[in-house]
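Working notes for the structure below.
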Amino acid sequence: MAARWYQEAVFYELYVRAFRDSSGDGNGDFLGAIEKLDHIKSLGVDCIWIMPHYASPLKDDGYDIADYTAVHPNYGTLEDFKAFVDAAHERGLRVVTDLVMNHISDQHPWFQAARQNKNSPYRDYFVWSNTGTEYADTRIIFLDDETSNWTYDEVAGQYFWHRFYSSQPDLNYDNPAVIAEIFAVIRFWMDLGIDGFRADAVPYLIEREGTNCENLPETHEILKQVRRFMDENYPDAVLIAEANQWPHDLLPYFGDGDEFHVCFHFPIMPRLYQALKAGDKTPIIDILNDTPPIPPGTNWMTFLRNHDELTLEMVAPEVRQWMWEQYAPEPRMRQNLGIRRRLAALLDNDKRKWFCLNAMFLSLPGTPIIYYGDEIGMGDNIWLPDRHGCRTPMQWNDTKNAGFSTAVKTYYPVIDDELFGYQQVNVAAQENNPDSYLNLTRFLLKTRQHQSALRHGAFEFVDVGNDAKKNKAILIFTRKSEEQAILCVFNLTDQVQPLPTGVSPKAFDLLKQTIINNQLAPFAAHWFILE
Ligand code: NOJ
C-alpha cells in the first residue's frame, strides 16, 4: 500500500498571533503569516498546523472558542484566512487547523443561552449537576489553577462540567445535536479548502460514573462517527489526535484504521530528553518496545516541543521529579505536571545537544512536527503567565520588535535577554551561516525527506558489537525501506565513545559528521547508509 501524504510529511506548528503582524496592532495575523510562508517552505516542511484562530476571549489562547465559524478579529478576516490557505497551497504546503470539540468558551452563545434558561435546547449541550459531586475519579488537568472539574454557575443555578479552565464548559456528547453541530463546523472549514484537523483533547468527550472519564468506548464511538463523516466527504484529509495517554490507551484512537489517521506519541517525547540528560538510552528502548504496531494507513506524530508545557504526565513520579530537577530547577519553570521552557533553553543552547536530539527525533518512526521558533533556537520568558513564555513573537531580525510588528506594544514582549534576545537570535542573522540552527534545521529536514527509509522504513534497535550492547550511552537503530537501509547512531553523552564494532569510519554519513580516531564525538549523531 502506498504511503498516504501525512505518513511521509513533516509538519510545522504555527501560532499566527506570534508570527508576523501586518496591521501594526501588536498581534500577528493571517496577512502577516502569508508574508512569511516562504520561510516555512524553506525549512522543507509539508504541512502547517495552525493553533486556534477562532473568535475567542483568549482565556486559553483560543482553545476557548466563542464562535466556531469566525476568525478572531486580531488575526484578520475569513477572506484573510482563505488567502492564507490558498497561498500555502500555491507553495505546496497543506494546512490543518485545530478542532476544539471537547469544550467551548463560556462566552459562546450556546452556553449563554443554556445558563439563562433551563428549557433552552442549548441546556443539554452541556453537562450539569445539582451537587458537583459526580465523576469524582476524574483527574484535574490544569492543576495549578483549578481545584475541581465542576464549577457552580449562579445564573444557571447548577454546576457545569469542565476538564480545563472553568471558563471552558465541556460539551455534552451524549446529545446528538452536539455532534451535528461539530459536523457543521468540520464542513465549514473543510469547504474553505483546509486539509484536515488536529483534534484537541479527544479522550474526554464522554463522562461515566465509576470511571476516570477518559478513553471511554462511547468516546471512541463518537470519534469513529467523525472519521466516517470525513471519509465520506473529504477522503484525502487527515485527522490527528491529541490524546496525552500511554501507548496502550493510545492504540484505540487508531481504531482498526477507522478512527484517527495520526496520533501524537506523547510518552516518547519526555524520554528523549531523559535519555539525553542521563546518557542512557534505556527509557527510549523501553517505551518503543512498549509501543504496539499500528494499523496500515496510520502514523504516530513525534515532537520535541509544542505550545504547551513539556508534559511529564506520561512518566513515573520519580522520573518526573528528576526531570524537574534537571530541566526546571527554578519553580517558575514548572507548570502543572510539566516544564514551560523552549527547546534551545532546555538544551543549554548547546548546538551539539540540539543536533543530536533533533537527529534522533527525525529518524524515529512517525510524522515529525516542529514548533515555530525552535528552528532558530528561540528562548523563553518564564516570567510570563501560563504557557505564554513559549509563545512569544517570532524573531525575524534585529530591528524593533524583532521585525515582528511595528506596534508600540506587542501582545507579549519579544525575548530580549542576553542569550536568546532577538538582537542575537533571529532569522536574518542565521540566514547565511551554514552552522546556524536555521540552516541545520533545513539540512536535517531535507536530508530526512530524501530518504525513503527515514520517511517510512521499518524500525529496529541494533546492538552493534559487545561494547554497544553494554554501553547505555550509544543508541543505535536501523530504518529499512525496500530501496535502502540506514544505520542511525547517537552518542547520548558529552564524552567520546568507542565507535561500535561493525561501523566503518568510512561509511557514508548522510549527516556529514566527521569521525576522528574511530571514536564517536560527544553528542554525535550519524545516519549511515548501509551497503
Ligand atoms: C490541549 C491544548 O494543546 C492546550 O493548549 C489547551 O489548553 C487544552 N488542550 C485545552 O483545550
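The values are calculated or read from the model by the stated rules, or taken from the named source; none is laboratory data. Since the structure is predicted, the reported quantities are computational estimates derived from the model, not experimental observations. Positions of Cβ are generated from backbone atoms using ideal geometry, with glycine treated the same way; all protein chains shown enter the neighbour counts. The protein model used for the area step is the full one, side chains on, heavy atoms only, and it has no ligands, DNA or RNA in it. Shrake-Rupley method; radii C 1.70, N 1.55, O 1.52, S 1.80 Å.
Considering ASP25, ASP38, the condition of being open to solvent by 20 Å² or more (accessible area, probe 1.4 Å), out of contact with any Cys (no Cβ under 6 Å at 6 or more places or on another chain), assigned to a helix (DSSP H, G or I) and more than 16 Å from the ligand (Cβ to nearest atom) is satisfied by ASP38 alone. Of all the listed residues (MET314, MET269, MET333), the sole one being more than 16 Å from the ligand (Cβ to nearest atom) and open to solvent by less than 40 Å² (accessible area, probe 1.4 Å) is MET333.
The residues in the range 161-194 that are within 16 Å of the ligand (Cβ to nearest atom) and either at pLDDT below 95 or not polar (S, T, N, Q) (or both) can be counted, and the count is 11. Of the residues making up the range 395-412, those that are surrounded by fewer than 17 Cβ atoms within 10 Å (Cβ to Cβ) and either within 23 Å of the chain's Cα centre (by Cα) or closer than 16 Å to LYS36 by Cβ (or both) number 3. For the range 66-86, taking the residues that are over 15 Å from GLY32 (Cα atoms) and among the aliphatic types (A, V, I, L, M), the one that is nearest to the ligand (Cβ to nearest atom) is identified as ALA66. Tell me, yes or no, whether the range 296-314 has at least one residue that is touching a helix residue (DSSP H, G or I) at 6+ places or on another chain (Cβ under 8 Å), small (Gly, Ala, Ser) and in contact (Cβ under 8 Å) with a residue 24 or more places away in the chain. Within the range 296-314 (the criterion being touching a helix residue (DSSP H, G or I) at 6+ places or on another chain (Cβ under 8 Å), small (Gly, Ala, Ser) and in contact (Cβ under 8 Å) with a residue 24 or more places away in the chain), the answer is yes, since at least one residue qualifies. Quick one: would you say TYR63 is within 16 Å of the ligand (Cβ to nearest atom), open to solvent by less than 60 Å² (accessible area, probe 1.4 Å), outside any strand (DSSP E or B) and in contact with a Phe, Trp or Tyr (Cβ under 8 Å, 6 or more places away or on another chain)? Considered against the rule, which asks whether it is within 16 Å of the ligand (Cβ to nearest atom), open to solvent by less than 60 Å² (accessible area, probe 1.4 Å), outside any strand (DSSP E or B) and in contact with a Phe, Trp or Tyr (Cβ under 8 Å, 6 or more places away or on another chain), TYR63 comes out as yes. Within this structure, GLU259 fails the test of being open to solvent by 30 Å² or more (accessible area, probe 1.4 Å) and either in contact (Cβ under 8 Å) with a residue 40 or more places away in the chain or charged (D, E, K, R) (or both). Any residue at all in the range 283-301 that is within 16 Å of the ligand (Cβ to nearest atom) and closer than 30 Å to ILE194 by Cα? Within the range 283-301, one or more residues are within 16 Å of the ligand (Cβ to nearest atom) and closer than 30 Å to ILE194 by Cα. Could you please give the count of residues in the range 192-223 that are more than 23 Å from the chain's Cα centre (by Cα) and within 29 Å of LEU93 (Cα to Cα)? Adding up the residues that qualify gives 1. Report yes if ASP174 is within 25 Å of the chain's Cα centre (by Cα), open to solvent by 50 Å² or more (accessible area, probe 1.4 Å) and of a type outside the set (Gly, Ala, Ser), otherwise no. It is false that ASP174 is within 25 Å of the chain's Cα centre (by Cα), open to solvent by 50 Å² or more (accessible area, probe 1.4 Å) and of a type outside the set (Gly, Ala, Ser). Screening the range 426-531 for helices (runs of 4 or more DSSP H) wholly inside it with 1 or more residues that are in contact with a Gly (Cβ under 6 Å, 6 or more places away or on another chain) and either on the phi > 0 side of the Ramachandran plot or surrounded by fewer than 16 Cβ atoms within 10 Å (Cβ to Cβ) (or both) returns the ranges 437-449, 465-470. Does the range 378-394 contain any residue that is of a type in the set (A, V, I, L, M, F, W, C), closer than 23 Å to TRP49 by Cβ, part of a loop (DSSP other than H, G, I, E, B) and over 22 Å from the mean Cα position of the chain (by Cα)? No, the range 378-394 contains no residue that is of a type in the set (A, V, I, L, M, F, W, C), closer than 23 Å to TRP49 by Cβ, part of a loop (DSSP other than H, G, I, E, B) and over 22 Å from the mean Cα position of the chain (by Cα).
Entry remark, the range 83-120: residues being farther than 17 Å from LEU14 by Cβ, open to solvent by 10 Å² or more (accessible area, probe 1.4 Å) and either aromatic (Phe, Trp, Tyr) or not in a loop (DSSP other than H, G, I, E, B) (or both) number 6 in total. Would you point out which residue out of TRP150, TRP110 is touching a helix residue (DSSP H, G or I) at 6+ places or on another chain (Cβ under 6 Å), hydrophobic (A, V, I, L, M, F, W, C) and away from the ligand (no atom under 16 Å from the Cβ)? Matching residue, one of TRP150, TRP110: TRP110.
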